[in-house]
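Just below is one structure, and these are the notes that go with it.
The values are calculated or read from the model by the stated rules, or taken from the named source; none is laboratory data. The shown structure was predicted, so the numbers you read here are calculated from the model rather than taken from an experiment. Here the Cβ positions follow ideal geometry from the backbone for every residue, glycine too, while neighbour counts run over all protein chains shown. Areas reflect the complete protein model, heavy atoms only, side chains present, ligands, DNA and RNA absent. Shrake-Rupley method; radii C 1.70, N 1.55, O 1.52, S 1.80 Å.
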Amino acid sequence: MPIVPYINPNKTPPLPPDTLSLTLLPPLLAFGGFGGLWLAATALPPVLLLTCPAQGSHALAILRAYWAGYLFQAVLGLLSPLIFAALIALAAWFMSRKLDPKTRKEARLAPFLLTPLFLPLFAAMMPGMLSADGPLALCGLAQADIQQIEAGGTQRMTVFISGQSHPDLLFTDQPEGWQVARRSIFSPDDGRGGITLRFPEALESTLDPEGFVVTGRAYDQSWDGVQWYEVSYTTNFQLAVEIAPVER
């Protein structure tokens, strides 16, 4: 009579090593893969700008590069649960290729057992994706500014320009030649400011340092020597497209 080992029905048997690895590794690999895709989306605009020719409108090239980056981020964020599940399935398929068919069939759902633990992380991304300053909204604003430049409908003003510039917080990590700086502009009618424009590096180099407005100067002081400029800029990002000195 064969000896049958006793199995305690109240004790869950340990998972086979193959099943255990299929349970733990695919979700971790998928999470790391999703993080890599997100980093690639944030690094996409500077990479695209490196491929752009130096000629042409720098403002248009910057907006197109960031439109692509914002679109990539929006797709990743909104479809993050589906992308995560697809990455898990891909990792599980790769890991189970050499398993025998019976083990592979028994462990087909094992890679998805830990998925609920990661879903709150992706759910927390949704409000940011749909917010007024999220990638989806910024993608729409960039597209509107691109169409405005292509249609020749940018806003135009005759202005003085402040001598103080600040790095821009929106268009960051730009490669050399594509940096963006923020400057205040002043109306020549009353000397008041109130608008801050973003100037691509190509336009910054055309400004006359001797013709800048000295910030804090009283209105009744002489404006002799201050250079007037006619500047065109986009409505949403207030990105300068063209600038030309104006003879007084």
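Data overview
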quantity	calculated
Where a residue in region 129-153 is closer than 11 Å to Thr234 by Cα and its partner, wherever it lies, is surrounded by fewer than 19 Cβ atoms within 10 Å (Cβ to Cβ) and among the aromatic types (Phe, Trp, Tyr), with Cβ under 6 Å and at least six apart	none
Total residues in region 1-30, condition open to solvent by 60 Å² or more (accessible area, probe 1.4 Å) and at pLDDT 70 or above	5
Residue pairs meeting the criteria (Cβ under 9 Å; at least 6 apart or on separate chains; first open to solvent by 100 Å² or more (accessible area, probe 1.4 Å), in region 99-119; second of a type in the set (Ser, Thr, Tyr))	Glu106/Thr19; Arg108/Ser96; Leu113/Thr23
Selected residue (criterion: nearest to the chain's Cα centre (by Cα)) from residues of region 120-139 that are of a type outside the set (A, V, I, L, M) and open to solvent by 40 Å² or more (accessible area, probe 1.4 Å)	Asp133
Condition check for Leu48: closer than 28 Å to Ala132 by Cβ, surrounded by 14 or more Cβ atoms within 10 Å (Cβ to Cβ) and in contact with a helix residue (DSSP H, G or I) (Cβ under 6 Å, 6 or more places away or on another chain)	yes
Residues of region 64-98 that turn out to be in a loop (DSSP other than H, G, I, E, B) and without any contact (Cβ under 8 Å) to a residue 40 or more places away in the chain, as a count	3
Gly33 vs. criteria surrounded by 15 or more Cβ atoms within 10 Å (Cβ to Cβ), at pLDDT 75 or above and under 30 Å from Arg198 (Cα atoms)	no
Checking Ser162 against (1) among the hydroxyl-bearing types (Ser, Thr, Tyr); (2) without any contact (Cβ under 8 Å) to a residue 40 or more places away in the chain; (3) surrounded by 14 or more Cβ atoms within 10 Å (Cβ to Cβ), the condition it does not meet	(2)
In region 189-207, residue modelled with the highest pLDDT [restricted to those that are under 10 Å from Ile161 (Cα atoms) and open to solvent by 30 Å² or more (accessible area, probe 1.4 Å)]	Thr196
Scope region 140-156; condition open to solvent by less than 80 Å² (accessible area, probe 1.4 Å) and closer than 19 Å to Leu197 by Cα; matching residues	Leu141, Ala142, Gln143, Ala144, Asp145, Ile146, Gln148, Ile149, Gly152, Gly153, Thr154, Gln155
Of residues in region 165-188 being over 16 Å from Thr235 (Cα atoms), surrounded by fewer than 15 Cβ atoms within 10 Å (Cβ to Cβ) and not acidic (Asp, Glu), the one modelled with the lowest pLDDT	Ser187
